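FYI, it's all coordinate maths here, none of it is from the lab. It should be emphasised that the depicted structure is a prediction, and the values quoted were computed from it without experimental measurement. Heads up, the Cβs are rebuilt from the backbone with ideal geometry, glycines too, and the neighbour counts pull from every protein chain shown.
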Amino acid sequence: MARVLAALLFLVAIMPVHAAEIDVRSGEHGDFTRLVLRIPEKTGWKLENDDRLAKLTIELPELKFSFDAVFDRVPRKRLNELRQSQIGAPLELSFACDCEARAFVQSGTLLVVDIRDRPVSKQKVALPLRMGREPSQSAKEEEQLVKDQPIEDRREDAAQLPKSSGVLRSSVAQQLAPSFIPSGLGGRTVENRLHSRIMRGVDQEVLTLNPLEVKGADEASAKAQAELAETLASGLGLPNLRVTTVVDRDLRVSQEVATIQPAVERCIAESRLVVEDWADETPFATQYASLRERLFGEFDKVDAEVALSLVRLYIHFGFGDEARASLGLLPASSSDHTLLAALAAAIDGRAAPQPNPLAGLQGCDTAASLWSVLSERRAPENTDTNAVLRSFGRLPEHLRAYLGPVLGEYLAEAGFVDAAQHLIRAVERGDEADKPSVAVVEAKLAGLQNNPAIEEQKLTEVIEDASASTHAPRALIALIEKRWSEGGSVTQKELLLADSFRREYRTSEIGPQLQTAYVIALGLSAQFDAAMAVLLTPGQEREGAVWQDTMDRILQRITTHSDDITFLRHVAMLDGDPFLALRTGTANAAALRLNELGFFEDALRFADRPQDRKSREARAEIIARATLGAGRPHRALLELESVSGVEAERLRAEAMRASGALEQAAEALVRAGDLDTASRYVWLAGVEAPLSGAEQTRFGEIHLLGQALLSDPDPAEETPLAAARSLIEGSAQIRDQIETLLDRLQ
């Protein structure tokens, strides 16, 4: 038995290791682009950011990333390119903006990478240590951070400190330890900082010390200050110029630091959000009647406490509009006025009032996290999903049934799949669950979990449900988008339904989305003439992002799926707004097909658009092919100057051949690995010797035969009869060589 086990272990050890392959899925989410990779549990990974570049390393042997379908679902406005140099190498992400990538693991096996615009970093301000204290250990550890502040700032800050008798060490005067001020602390320190900055402005003669109050102030100086303010406000009369001073900069930084308030300190207390306790078990009509009876007192004066209870009652039962209307009974100065207004708006899915007291509180460990998600209609990365679920479980059943699908959709869109699933299961356990609403969220979750069959099943259920009048249009939009991302098609029934929905809801909030879905459905059904007719109908908002994106998608579909006549009719003569709406990738695809069809001037028009200058190198081969076809080989050589690769070398050789430089064309073909054609160009150029290493090719042999025919025989001293015999034999040999040469040329 031991021998058998040892043999099995040996066989396993010598078995070849097959390359692991991970699919990279993508999605666009408004202010960020998301990539999702499924990895084995507890797999190590590392994400490194650089300037417009990020590298993702996953600790798996012989790993291969599959990302062919990534750009089918996301545009290239943030993520520009994905590449892996070889199997086992990191995945390189190239950005089209000043972006950064952040990653986290969801559900133990989903590695989520979010690409967002890089946040604008705020300048760190180093503050002097308080007088009378030795530098703390934390201050010493932070000493290196002072390098973030300019040297001259540190020197001037040290000069402003009072020279107390040995209280501050000399090292502090040389390099001050920074300290960040928490909210409500460090007032004296901020005062010292402001005083230092103001005195610096006085020294630089951009400030004067209160010239309007000091007796005998310099009138010329005051006049100069007024003129300077007017000049700065006008921007020197140039619309593209913004002027500021060191005083503006320094005082702004000090103000920002002084007003920093940690998010934890801003979390709303749980006691102010106990919506479940704002009503009792008696019917709504009974509670409402009781409050209305006591609302107005003597002389019709509103009882503020009763009015507050009435607003809370409306919110408890989900009447957001009524709660917002009743807020007019409360004084605007009431401490809960803005909070209740935000809660009422969140219940009805309306925009929150400004300033929104619930903004940015998704990370709180209280009910504020739940209401913040509903109020801002999004769940950022720092959302405390445990607090959201805990607070959701305490809501009354009717609010759970009403708000659950909405909240689950926000969590699903943000990638919190587990939390969304827990929440939806809690909704389904209730008696008042709205099945179409739940099915919409389940479809979204199935899409995130790469389960297209379940996703389509749930969306179809919603579309066919007669009671889902409000959800069916959105479900149809999602279904058409799913078919587009998969490269599929739509049925005639779905196309007719999209047409009827877009007419029915043309003046509603989702009218533009249904119009877009209908046009996309026409494209998926290969009804390109009808799709273009809808897009080119007068009255369209052609400058809007929705119209431009839809036009780009339809032209992309025409380029890849239409016949040649349809393609040329809609694309070759394209100009104006539709031409400008094309994204770079679609324009490149159109140029490639136009090159294949021989319309080189039109191909050049698509490949060499002014708005695509930034990614010109990626299109150099397309432009070179078009210019070659148009008879401009020198322009093609200029385009290929900084490009390498097999295809680039072939194009370079073709351009050189068209210019008459056959030897240089042969060199380019050698770099491309085409020795046969290179040896032909060398032979045509009349070079004496054949191409080195190409003697066995067809034209290498022809070249050698030509050399042999042109070579003179060695003179020999022979008798006349022997010389005649040699001449006859040589003639026969030359005749055989010519016959062989002609055979090779054929």
Check: Between SER500 and GLU21, what is the label-to-label distance in nm when each label sits 7 Å out along the Cα-to-Cβ direction?
Finding: 4.3 nm
Item checked: Qualifying GluC sites (Glu not before Pro) in region 33-108, DSSP loop, other Cβ atoms within 10 Å at most 12 -> GLU41, GLU59, GLU62
Check: How long is the gain from ASP303 to GLN492 if the chain were fully straight, where each residue apart is worth 0.36 nm and the alpha carbon distance is subtracted?
Finding: 61.9 nm
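Could you work out the equivalent-ellipsoid semi-axes for region 354-491, taking the square root of 5 times each eigenvalue of the Cα gyration tensor, largest first, in whole Å?
Values for region 354-491, descending: 27, 17, 13 Å.
Rounded, prolate or oblate: which fits region 19-117, taking a ≥ b ≥ c as square roots of the Cα gyration tensor eigenvalues, rounded meaning a/c under 1.5, else prolate when a/b beats b/c?
Details: a/c = 1.55, a/b = 1.40, b/c = 1.11.
Prolate shape, in that a/c is at least 1.5 and a/b is the bigger ratio.
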Notebook entry, point to check: VAL687 versus SER642, label points 7 Å from Cα toward the beta carbon: distance in nm?
Noted result: 3.0 nm
Check: What are the residues whose amide H is under 5 Å from the amide H of LEU53, where those residues sit 5 or more places off or on another chain and H is modelled from the backbone?
Finding: PHE95
